[in-house]
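Remarks on the structure that follows.
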Amino acid sequence: MKIKAAELALSYVEDGMRLGIGTGSTAEEFVRLLAEKVAGGFKVQGVPTSERTARLCVELGVPLMSLDEMPELDLTIDGADELDRRLTLIKGGGGALLREKIVAAASSRMIVIADETKLVETLGAYPLPIEINVFGGVATRISIEKAAVKLGLTGTMALRMSGDDLFMTDGGHYILDASFGRIPDAEALSRALHGIPGVVEHGLFIGLASLAVVAGEDGARVIEPSA
């Protein structure tokens, strides 16, 4: 299903585009298909959203630039851990949410690629990744918990681990995974989290996705945001 979604998303990429390239297993299928077109003479310039994606692109021969070298992009193709009918997303399962959001915001359009298991009525079954500063992490966590309670959100929060060590993002931050179970008002939670100084960024992507390519057993379909 991931390959089906990646194939359809690739049809939106035009020759010569400045392209944001996402992170995650579905995005990696897209990179592999894109590399085949590049090998055949297709021209793109890509900005990767993580060191992991950058390594794969270099390995497969997809031309890359930094976002500073190319700060305005035509299109970003990226995956999602959850998406609803409004194309509000939860991202960050791979730990690259900060760079993913920066690249998406620098793009004229963002297309989400996912399998149909990621499409939900209400976000929150997937734990929300919240990227926090290493300094003051305990204080930041307490502030997040208080903000969540005010919004009627409960559930466990845990610092992400990588083996026996705390997971560290490409930017040198920790990730706190918040298992709220259900997030009825993503906008309110986004505002609350952005008001906490120790929060670097969160995995709620609101108003960034232009459309989604969702694949199931019967093939891939395009979903546009509903009101």
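Listing for the model above:
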read-out: Shape of segment 1-83, Cα gyration tensor, a/c cut at 1.5; value: rounded
read-out: Proximal charge balance of E100 [Cβ under 13 Å; K/R count +1, D/E count -1]; value: -2
read-out: Net lengthening on full extension, R32/V138 (0.36 nm per residue, minus Cα-Cα); value: 34.1 nm
read-out: For peptides 179-190, 88-99, sequence by mean Cβ density within 10 Å, most packed first; value: 88-99, 179-190
read-out: Ranked packing of 117-127, 70-80, most packed first, by mean Cβ within 10 Å; value: 70-80, 117-127
read-out: Principal axes of segment 143-218: Cα extent on each, largest first, Å; value: 41, 33, 22
read-out: Environment charge at L204 (Cβ cut-off 14 Å; Lys +1, Arg +1, Asp -1, Glu -1); value: -4
read-out: In sequence order, calculated HN-Hα J values of segment 127-141 (Karplus, 6.51, -1.76, 1.60; Hz; x Gly/Pro); value: x, 7, x, 10, 7, 10, 5, 4, 5, x, x, 5, 4, 5, 4
read-out: Alpha-carbon spread of segment 120-168, three principal axes, descending order, Å; value: 33, 25, 14
read-out: Segment 75-192 - Rg and Dmax from Cα coordinates, angstrom; value: 14.3, 40
read-out: For I130, residues with placed amide H under 5 Å, excluding near neighbours; value: L176, D177, A178
read-out: For segment 66-134, alpha-carbon Rg over 2.2 N^0.38 Å; value: 1.17
read-out: Angle in degrees between helix 25-39 and the longest Cα principal axis of the chain, rounded to the nearest 10; value: 20
read-out: Accessible carbon and sulfur surface of the chain relative to its total accessible area, %, 1.4 Å; value: 51
read-out: Pairs of lysines in segment 29-168 (C-alpha under 30 Å apart; 8 or more residues apart or interchain); value: 14
read-out: Separation of the V58 and A39 label points, Cα + 7 Å toward Cβ, nm; value: 2.0
read-out: Whole-number accessible area per residue in Å² for segment 26-117, which is evaluated in the context of all protein chains at 1.4 Å; value: 40
read-out: Derived scalar couplings ³J(HN,Hα) [segment 15-22; Karplus, 6.51 cos²θ - 1.76 cosθ + 1.60; whole Hz; x for Gly, Pro]; value: 4, x, 5, 9, 10, x, 10, x
read-out: Long-range Cα-Cα pairs in the chain (distance over 33 Å), rounded percent; value: 15
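The values are calculated or read from the model by the stated rules, or taken from the named source; none is laboratory data. As the structure is a computational prediction, the values presented were derived from the model and not from experiment. When we count neighbours, we look across all protein chains shown, and the Cβ atoms used for this are built from the backbone with ideal geometry, even at glycine. Keep in mind that these areas ignore ligands, DNA and RNA; they rest on the heavy atoms of the full protein, side chains included. Shrake-Rupley method; radii C 1.70, N 1.55, O 1.52, S 1.80 Å.
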